[in-house]
Amino acid sequence: NAGVTQTPKFRILKIGQSMTLQCTQDMNHNYMYWYRQDPGMGLKLIYYSVGAGITDKGEVPNGYNVSRSTTEDFPLRLELAAPSQTSVYFCASSGDRGRALYGYTFGSGTRLTVV
Amino acid sequence: AQSVTQLDSHVSVSEGTPVLLRCNYSSSYSPSLFWYVQHPNKGLQLLLKYTSAATLVKGINGFEAEFKKSETSFHLTKPSAHMSDAAEYFCALMGTDSWGKLQFGAGTQVVVTP
């Protein structure tokens, strides 16, 4: 099925470890986004990309890095994991801004716990 | 600066009664506004959107919302709640830059009782 695929679904990390959250979409969307969701806080934008090779910081980028080498893939890298990064992470995609007005397609999320 | 405020963190309704979820926004420009729903352990699904056309917007599953510029509100309603409406609901605002970024409210948890 067409959509946004996130892996893994669950992960437990120890403090100081690193990991990459994978996100792939097969809709040829240019715009991709990473959000984190914390209870009572809604979703906060971490990073976004408007096309291969183009990324920019969102509201809460500290402790994260991204890359966008292809249209399909938008991985999120956590370096030196901290307990404050315990969260549910969502990847989303949309077409250009005109199509973004039709709404995002969200992945099913990655639940990350840092202990 | 723009912002989205969901006025209720939790709403409890009885099955068959109306649902009202309140959302206020702040924006220097006429925004695009969205309601998303999230069922437990799932991603977010678009319910409806306002993009400067009709101020009364109809969405999926019987939901609708009315954009009121004078009140800076975009409240979500449904005439008759169903058990399957139990979920978390997010109001979101898209700014006027070119990149389609969404700013989300804190969410409203809806509980439906039999």
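Taken together, the values in this text are just the output of simple stated rules run on the coordinates, not laboratory data. It should be emphasised that the depicted structure is a prediction, and the values quoted were computed from it without experimental measurement. A quick note on method: Cβ atoms are made from the backbone with ideal geometry, for glycine too, and the neighbour counts reach across all protein chains shown.
Using only Cα atoms, what is the ratio of the radius of gyration of segment B:1-77 to 2.2 N^0.38 Å? Display every interim value, and only then the final one.
Values: Rg = 12.9 Å, N = 77, 2.2 N^0.38 = 11.5 Å.
Against the empirical 2.2 N^0.38 Å value, I get 1.12 for segment B:1-77.
Checking the cross-link filter: which lysines have an alpha carbon closer than 22 Å to that of B:Lys69, excluding same-chain neighbours under 8 positions apart?
Partners found: B:Lys49, B:Lys58, B:Lys78, B:Lys101.
On each of the three principal axes of the Cα atoms of chain A, give max minus min coordinate, whole Å, ordered largest first.
Reported extents, whole Å, longest axis first: 40, 29, 28.
How high is the FRET efficiency between A:Ser18 and B:Asn41 when r is their beta carbon distance and R₀ equals 30 Å, given to the nearest 0.05?
On the way: r = 26 Å, r/R0 = 0.86.
So the FRET efficiency works out to roughly 0.70.
Given the Cα atoms of segment B:63-111, and with Rh set as the inverse mean 1/r over their pairs in the Kirkwood sense, what is Rg to Rh to two decimals?
Here the Rg-to-Rh quotient is 1.03.
Report, to two decimal places, the Cα Rg of segment A:22-88 normalised by 2.2 N^0.38 Å (N = number of residues).
Ratio of Cα Rg to 2.2 N^0.38 Å: 1.11.
Through the Karplus equation 6.51 cos²θ - 1.76 cosθ + 1.60, θ set to phi - 60°, convert the phi angles of segment B:39-46 into ³J(HN,Hα) values in whole Hz; use x for Gly and Pro.
Values per residue, Gly and Pro as x: 7, x, 6, 10, x, 8, 10, 6 Hz.
Enumerate by residue number the trypsin sites (Lys or Arg not before Pro) in segment B:43-114 meeting two conditions: DSSP loop (anything except H, G, I, E, B), and at most 12 other Cβ atoms within 10 Å of the site's Cβ.
Values: sites: B:Lys49, B:Lys58, B:Lys68, B:Lys69, B:Lys101; in loops: B:Lys69, B:Lys101.
The qualifying sites are B:Lys69.
Going through segment A:1-57, which trypsin sites (Lys or Arg not before Pro) have at most 11 other Cβ atoms within 10 Å and a DSSP loop state? Please list the in-between numbers first.
Working: sites: A:Lys9, A:Arg11, A:Lys14, A:Arg36, A:Lys44, A:Lys57; in loops: A:Lys9, A:Lys14.
Answer in residue order: A:Lys9, A:Lys14.
Can you tell me the convex hull volume per residue for the protein assembly as shown, based on C-alpha atoms, in Å³ to the nearest whole number?
Once divided by residue count, the hull of the protein assembly as shown is 121 Å³.
Expressed in nm to one decimal, what extension gain is obtained for the pair B:Glu64 and B:Thr17 from 0.36 nm per residue of sequence separation less their Cα-Cα distance?
Working: separation 47, 0.36 × 47 = 16.92 nm, distance 1.50 nm.
Value of the extension gain: 15.4 nm.
Work out the mean other chain Cβ neighbour count within 10 Å for the residues of A:35-43 and drop it here as an integer.
Values: counts 3, 0, 6, 1, 4, 4, 4, 11, 11.
The per-residue average across the peptide is 5.
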